[in-house]
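For reference, the structure is listed below as structure tokens.
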Amino acid sequence: IFVLDLGTGRSRPLMGQGPDRSSDQGPEWSPDAQQIVFFSDRSEDVQLFVVNADGSGVVQLTNRPGTNFYPAWSPSGQQIAFSSDSDGDFELIVMNADGSETRQVTDNDEVDLYPLWSVDGERIVFLGGGRDDLRMTSIKADGSEKRRLDSSDLWFDWID
């Protein structure tokens, strides 16, 4: 993971290479720009990690079997949503930003990927469905009120 200085156009590695030339991916800045969450194969499975904006203090947040990836900070910075296949197919998981109080938000036989929080932090939009029929879906952060979105929904309202 590299950080680009927009003033100079120069990039620098954020932190040292993980063990055994691991692959660090999917970085996302926290809302207060103090930390970056990312996923990596630094441990046995693909897990989520957080690092301070200066590259110090790498901490593993998850310890779930399988692949845990595509983290998204809530607008408040207090929670992180991500996709995990620890139950056999990809479901949405929400946890506190320190990795505590992990809870599964979806539970179905479909794949649920690429979470994105609504600006107010009440809902999560994601790609959900069968592997050949992924559609934008919305769910409350507590796992209730899941609904498929269609072209009549205003997508730009989800992005701040």
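The values are calculated or read from the model by the stated rules, or taken from the named source; none is laboratory data. This is a predicted model, so every value here is computed, not measured. No Cβ is skipped: glycine too gets one built from the backbone with ideal geometry, and neighbour counts run over all protein chains shown. Surface accessibility is based on the protein's heavy atoms, side chains included, excluding ligands, DNA and RNA. Shrake-Rupley method; radii C 1.70, N 1.55, O 1.52, S 1.80 Å.
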*Inside the stretch 78-97, can you point out the residues that are outside any strand (DSSP E or B) and acidic (D, E)?*
D85, D87, D89
*How many residues are under 15 Å from A53 (Cα atoms), at pLDDT 90 or above and not in a strand (DSSP E or B) when one looks only at the stretch 6-31?*
2
*If you scan the stretch 117-133, which residues turn out to be closer than 14 Å to E91 by Cα and assigned to a loop (DSSP other than H, G, I, E, B)?*
R131
_the stretch 84-107, subset in contact with a strand residue (DSSP E or B) (Cβ under 8 Å, 6 or more places away or on another chain) and more than 16 Å from F69 (Cβ to Cβ), residue surrounded by the fewest Cβ atoms within 10 Å (Cβ to Cβ)_ = E101
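Let's see how each residue does on (1) open to solvent by less than 20 Å² (accessible area, probe 1.4 Å); (2) closer than 22 Å to D41 by Cβ; (3) part of a loop (DSSP other than H, G, I, E, B):
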position	(1), (2), (3)
A72	yes, yes, no
S76	no, no, yes
D109	no, no, yes
R135	no, no, no
*With respect to the numbered conditions (1) open to solvent by less than 10 Å² (accessible area, probe 1.4 Å); (2) modelled with pLDDT under 95, which one is the sole condition not fulfilled by R64?*
(1)
